[in-house]
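The values are calculated or read from the model by the stated rules, or taken from the named source; none is laboratory data. The structure presented is a predicted model; accordingly, all values stated were derived computationally and were not measured. Using ideal geometry, Cβ is built from the backbone for each residue, glycine included, and neighbour counts are taken over all protein chains shown. Keep in mind that these areas ignore ligands, DNA and RNA; they rest on the heavy atoms of the full protein, side chains included. Shrake-Rupley method; radii C 1.70, N 1.55, O 1.52, S 1.80 Å.
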Amino acid sequence: MQRLAAFVLVLALFACSGPGPEAKRLDALEAQVKALRQEAGEREKAFREELVQVRKNLESIRSMLEKGTGPDKAGGEADSRTAPTDKELDDKAKSFVGENLDRLMELTRKLLDKMESELDRKPPATEEPPAKGDQI
């Protein structure tokens with residue numbers, strides 16, 4: 001009977017001894033995961049703000065191009081038998097650059113729209129990958 005009482009006393013002492021090293025390690029890992037999730041959320045927020053800023057910059061560039069790159073119509077048409085003047089070459093170059101920038105900006109806008117929709121569709125990472133054999 002005394003042996004049984006001593007055994008129960010030893011079990012009670014082990015049960016009341018508090019969290020072991022595994023519990024402390026698990027708590028530390030949970031805190032680290034929480035910090036990483038918070039950091040990921042902050043990065044996503046910063047990325048979205050940067051995306052908005054890029055869109056505003058593209059719109060500003062588009063409006064500046066529309067105001068300042070139109071070809072000058074006052075010079076009239078050049079005769080096909082004479083060499084083009086510097087002004088005509090400048091106008092053609094501006095027109096070419098303007099058209100290509102418009103195409104580039106449209107492609108960039110589509111890419112930004114696609115990236116934004118992917119960010120909206122992507123669910124927040126709430127689940128962790130399953131632990132492997134030597135990891136917790």
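Identify the residue in the range 43-61 that is of a type in the set (Asp, Glu) and without any contact (Cβ under 8 Å) to a residue 40 or more places away in the chain and, among all such residues, is nearest to Lys110 (Cα to Cα).
Here the answer is Glu59.
Among the listed residues Val33, Val54, identify the single one that is of a type in the set (Val, Ile, Thr), at pLDDT 90 or above and surrounded by 11 or more Cβ atoms within 10 Å (Cβ to Cβ).
Of Val33, Val54, the one residue that is of a type in the set (Val, Ile, Thr), at pLDDT 90 or above and surrounded by 11 or more Cβ atoms within 10 Å (Cβ to Cβ) is Val33.
Please go through the range 114-127 and pick out each residue that is at pLDDT 80 or above and open to solvent by 70 Å² or more (accessible area, probe 1.4 Å).
If the condition is that a residue be at pLDDT 80 or above and open to solvent by 70 Å² or more (accessible area, probe 1.4 Å), then Lys114, Glu118, Asp120, Arg121 are the ones that fit.
Of everything in the range 101-121, what is polar (S, T, N, Q) and either touching a strand residue (DSSP E or B) at 6+ places or on another chain (Cβ under 7 Å) or within 13 Å of Arg55 (Cα to Cα) (or both)? Give them in sequence order.
Thr108
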